[in-house]
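What follows is one structure encoded as structure tokens, with my remarks underneath.
The values are calculated or read from the model by the stated rules, or taken from the named source; none is laboratory data. Predicted model, so just to flag it, every value in this text is computed and none were measured. Note that each Cβ is placed from the backbone with ideal geometry, even for glycine, and that neighbours are counted across all protein chains shown. These area figures cover heavy atoms from the full protein model, side chains too; ligands, DNA and RNA do not enter into them. Shrake-Rupley method; radii C 1.70, N 1.55, O 1.52, S 1.80 Å.
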Amino acid sequence: MMLRFVLATLMALALTPIIGNAEAWAQSKTYPPVHSAADRLALGGHDPVAYFTRNQPVAGDAAITLDWNGATWRFATAEHRAMFEANPQAYAPQFGGYCAWAASQGYIAPGDPTVWRIVDGRLYLNFNDRARMLWEQDIPAAIARGEANWPRILTDNQG
């Protein structure tokens, strides 16, 4: 219980500058990506396109970046950056990169870029292997619950 409180508090602090736009995100279906408040680096520097093209998380190159949706995204190749730039919603993680299991349960937790799965052409992250295991027990229902909860849970967790 304490860990959940600490995680929610940390996420609320990281989200403080972007929480006010939750209604706009709901309308646009473009959500703020998980990043640290200090570096604003999405996916911990992993290349979002590589999940789809290489079927694994790949570290992005600090020299190949793109600023999109309030964060800096890194890419392993210039081709991946061009692919992302042409259609960022196709590659950006769902629920802004927050844990898909947590979203399905009505709260936010950070997503781990190394604990992921692509479902129906969409990238989902989870907090850890246990969260992914729980989420995978009924993926369609978990996704539906997460979508129903999103983005309300961002504003509910602002402190």
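With a cut-off of 13 Å between beta carbons, the residues surrounding P113 carry a summed charge of +1, where Lys and Arg count +1 and Asp and Glu -1.
Could you sort T77, T53 by their accessible area in this structure, using a 1.4 Å probe and putting the largest first? Don't skip to the end; give the middle numbers.
Numbers: T77 40, T53 70 Å².
Solvent-accessible surface, decreasing: T53, T77.
So if each residue of separation counts as 0.36 nm, and I subtract the Cα-Cα distance between D61 and D129, what length gain in nm does that give?
Values: separation 68, 0.36 × 68 = 24.48 nm, distance 2.63 nm.
Working it through step by step, the gained length comes to 21.9 nm.
Computed over protein heavy atoms with a 1.4 Å probe, the accessible surface of the range 57-159 works out to 46 Å² per residue.
Give me the extension gain from V119 to D39: residue separation times 0.36 nm, minus the current Cα-Cα distance, reported in nm with one decimal.
Details: separation 80, 0.36 × 80 = 28.80 nm, distance 2.88 nm.
Gain on extension, V119 to D39, equals 25.9 nm.
When all protein chains stay in place and ligands, DNA and RNA are ignored, the 1.4 Å accessible-area order of M133, M83, largest first, is M133, M83.
R152 to D138: extension gain in nm, 0.36 nm per residue of separation minus the Cα-Cα distance?
So the chain would gain 2.8 nm between R152 and D138.
For the range 86-159, the square roots a ≥ b ≥ c of the C-alpha gyration tensor eigenvalues yield an a/c under 1.5, which makes the shape rounded. Close amide H pairs (under 5 Å, H built 1.01 Å from N) link T72 with L41, A42, residues at least 5 positions away or on another chain. Excluding A42 itself, what net charge comes from residues whose Cβ is under 13 Å from its Cβ, given Lys and Arg +1 and Asp and Glu -1? Net of charged neighbours comes to 0.
Once the other residues with Cβ under 9 Å from the Cβ of Y124 are scored (Lys, Arg +1; Asp, Glu -1), what is the net sum? Before the final figure, lay out each step's value.
On the way: positive: R117, R122, R132; negative: none.
My count for the surroundings of Y124 gives +3.
Put H80, H46 in order of accessible area, highest first, and with a 1.4 Å probe you get H46, H80.
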